[in-house]
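*Asks:* Okay, handing you the structure first.
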Amino acid sequence: MTDENTRGSGSLTPRDATEADTQRDALNPSPDGVANWLVRGVARGHGNMAIAIAVVASFAVVGVLIVGLGLLITHVLEHGSIGVWDHHVSQWLDRRRTRQWDRITGDITDVADTFEVAGVGAVVTIFLLFRRWGRRAFLLVAGLAIELSVFLAANKIVARPRPAVSHLGGTPSTFSFPSGHTAATVVLYGGIAVIVTVASSRRWPRITMWALAVVLAVAVGLSRVYRGEHYPTDVLSGLLLGVGSLSAGIFIIRVAGVNRSTISKSTKIQISPASAGRANQAAP
């Protein structure tokens, strides 16, 4: 297969050096980036330790942000105009429900249920592993792991009751803040959009996937408010949690990329010119 045919095939691998350089900012670490600093400066070249630090630091940063926002909403903003708006929107939608919208929002919220999100994430990850994308295949795993762990911690600490309106469908045993459905949708489909952006140089697949990610996140968020499961600020916080978790996943993948490049360079250094010359003389 020629180089030109490979470029037009939409392969899920960089097609030339120029494209690889263009894609470096997405999932590959930059030479002077934070990922490189973490591996070489903080972890002293120990790649696995750097990955562990990246995971813990990502959880801590995103967790503090979301928990702090939740406490601000429930203890300060709840008694002001934002709190009034939160309750007003939930009650306004509760009085205007229709059978058709009940069904539509039920179908939309099913897209972001735990089983569906885990299933889609697993299929995409396995597909990328078969395409030999290595560490990049674990972007969704890393992002969803951060999202779930922060969600559970923030949900328990903030402990915001769900809206005092009738709830459609089954109500989870968790609290209202933040919207886990919304956050998981952002991580899953936003992560797929990142992968498509890195994998393809074509404009339309990129635009289509990003548009789908945005539409699904907004639709799921609105559906959760309509069905009485969350306040609007819960959904907005879920969007923020999703963006933060996806960014954390990208950072972890970059740190893992520094780990791989460090091992590769170390292997090359161990093969000295002298030993390479002796190997050539011994060769038949």
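*Asks:* So for the stretch 241-248 (the condition being modelled with pLDDT of 95 or more, in contact with a Pro (Cβ under 7 Å, 6 or more places away or on another chain) and either surrounded by 24 or more Cβ atoms within 10 Å (Cβ to Cβ) or not in a helix (DSSP H, G or I) (or both)), does at least one residue qualify? Break it down stepwise before answering.
*Replies:* Our first condition is that a residue be modelled with pLDDT of 95 or more; within the stretch 241-248, this holds for 241-248.
Filter once more, so that each one left must be in contact with a Pro (Cβ under 7 Å, 6 or more places away or on another chain): 241.
If we keep only those that are either surrounded by 24 or more Cβ atoms within 10 Å (Cβ to Cβ) or not in a helix (DSSP H, G or I) (or both) too, we end up with 241.
Yes, some residue in the stretch 241-248 is modelled with pLDDT of 95 or more, in contact with a Pro (Cβ under 7 Å, 6 or more places away or on another chain) and either surrounded by 24 or more Cβ atoms within 10 Å (Cβ to Cβ) or not in a helix (DSSP H, G or I) (or both).
*Asks:* Quick one: would you say residue 263 is surrounded by fewer than 17 Cβ atoms within 10 Å (Cβ to Cβ) and at pLDDT 95 or above? Give the steps one after another, and end with the answer.
*Replies:* Details: surrounded by fewer than 17 Cβ atoms within 10 Å (Cβ to Cβ): yes; at pLDDT 95 or above: no.
Criteria not met by residue 263.
*Asks:* Shifting gears a bit: Would you check if residue 39 is part of a helix (DSSP H, G or I), touching a helix residue (DSSP H, G or I) at 6+ places or on another chain (Cβ under 6 Å), under 11 Å from residue 256 (Cα atoms) and touching a residue at least 12 places away in the same chain (Cβ under 8 Å)? First the steps, then the outcome.
*Replies:* Values: part of a helix (DSSP H, G or I): yes; touching a helix residue (DSSP H, G or I) at 6+ places or on another chain (Cβ under 6 Å): yes; under 11 Å from residue 256 (Cα atoms): yes; touching a residue at least 12 places away in the same chain (Cβ under 8 Å): yes.
So residue 39 passes the test.
*Asks:* Anything in the stretch 152-189 that is in a helix (DSSP H, G or I) and buried (at least 24 other Cβ atoms within 10 Å of the Cβ)? List them, or say none. Give the derivation first.
*Replies:* Within the stretch 152-189, the first condition is being in a helix (DSSP H, G or I), and the residues that meet it are 152-158, 180-189.
Within the stretch 152-189, 154, 180, 181, 182, 183, 184, 185, 186, 187, 188, 189 qualify.
*Asks:* Next question. Out of the stretch 87-113, which residues are touching a residue at least 12 places away in the same chain (Cβ under 8 Å) and of a type in the set (Ser, Thr, Tyr)?
*Replies:* Passing the criteria: 90, 105, 109.
This table checks each residue for (1) at pLDDT below 95; (2) of a type outside the set (S, T, N, Q).
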| site | (1), (2) |
| --- | --- |
| 48 | yes, no |
| 66 | no, yes |
| 69 | no, yes |
| 72 | no, yes |
| 79 | yes, yes |
| 109 | yes, no |
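*Asks:* Out of curiosity, is residue 192 among the β-branched types (Val, Ile, Thr) and surrounded by fewer than 18 Cβ atoms within 10 Å (Cβ to Cβ)? Working first, answer last.
*Replies:* Working: among the β-branched types (Val, Ile, Thr): yes; surrounded by fewer than 18 Cβ atoms within 10 Å (Cβ to Cβ): no.
Against the criterion (among the β-branched types (Val, Ile, Thr) and surrounded by fewer than 18 Cβ atoms within 10 Å (Cβ to Cβ)), residue 192 does not qualify.
*Asks:* I would also like to ask the following. For the stretch 74-102, name all the residues that are under 16 Å from residue 229 (Cβ atoms) and part of a helix (DSSP H, G or I).
*Replies:* So the first thing to find is which residues in the stretch 74-102 are under 16 Å from residue 229 (Cβ atoms), and the list is 86-87, 89-94, 97, 101-102.
If the condition is that a residue be under 16 Å from residue 229 (Cβ atoms) and part of a helix (DSSP H, G or I), then 86, 87, 89, 90, 91, 92, 93, 94, 101, 102 are the ones that fit.
The values are calculated or read from the model by the stated rules, or taken from the named source; none is laboratory data. Owing to the predicted nature of the structure, the values given are computational and were not obtained by experimental measurement. For neighbour counting, all protein chains shown are included, and Cβ atoms are generated from backbone atoms with ideal geometry for every residue, glycine included.
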